[in-house]
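The values are calculated or read from the model by the stated rules, or taken from the named source; none is laboratory data. Note that the structure is predicted; figures quoted are calculated from it, not measured. With ideal geometry, Cβ positions are generated from the backbone for all residues, glycine too; neighbour counts draw on all protein chains shown.
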Amino acid sequence: MHHYRQALMRMRQGDSDRDIAKSGLMCRANAASLRILAQTQGWLDGSATLPEDVAIAQALAPPKRASTTISGLEPLREQMAGWLGQGVSGVVIHTALKREHGYTGSYSAVASAPAQVTRGL
């Protein structure tokens with residue numbers, strides 16, 4: 001976190017992304033990304049105090065995925081269970097789902113489905 005605070009202080013002093021990269025704090029691309037974030041958060045305002053480490057970390061963290069994400073295979077669970085019961089391979093199931101139902105998901109999602117079908121996706 002120290003290098004982010006140092007980069008923010010240097011940005012406030014007028015240093016460019018290139019100057020920050022030359023100092024070894026971070027590469028130019030990361031400095032540019034931090035500058036955009038800092039501008040949107042108002043962190044480059046010299047009259048304001050620097051944000052706390054927690055605020056910087058929260059702003060840099062990727063957004064969390066919803067915990068209730070439902071598989072695209074959920075509506076097809078019964079049909080897949082029938083096919084799996086008949087011993088149909090994952091490759092054939094994936095191909096049939098694409099052809100008959102317009103499924104756009106990956107094969108790996110279908111290949112991991114046998115355990116999920118028995119647990120309820």
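In summary, T69 fulfils each of the numbered conditions (1) modelled with pLDDT of 95 or more; (2) surrounded by fewer than 16 Cβ atoms within 10 Å (Cβ to Cβ) with the single exception of condition (1). With the condition kept exactly as written, say whether any residue in region 41-50 is at pLDDT 90 or above, surrounded by fewer than 15 Cβ atoms within 10 Å (Cβ to Cβ) and among the small types (G, A, S). Within region 41-50, one or more residues are at pLDDT 90 or above, surrounded by fewer than 15 Cβ atoms within 10 Å (Cβ to Cβ) and among the small types (G, A, S).
Within region 21-37, residues that are in the same structural domain as A7 (by TED's automatic domain parsing) have Cβ atoms under 6 Å from residues that are acidic (D, E) and buried (at least 18 other Cβ atoms within 10 Å of the Cβ) in these pairs: R28/D17; A31/D17; A32/D17, counting only partners at least 6 apart in sequence or on another chain. Among the residues here, T95 does not qualify as surrounded by fewer than 10 Cβ atoms within 10 Å (Cβ to Cβ) and not basic (K, R). Kindly evaluate V88 against the criterion of being surrounded by 13 or more Cβ atoms within 10 Å (Cβ to Cβ), among the β-branched types (V, I, T) and free of Cβ contacts under 8 Å to residues at least 24 places away in the same chain. Taking the combined requirement at face value, the residue satisfies it.
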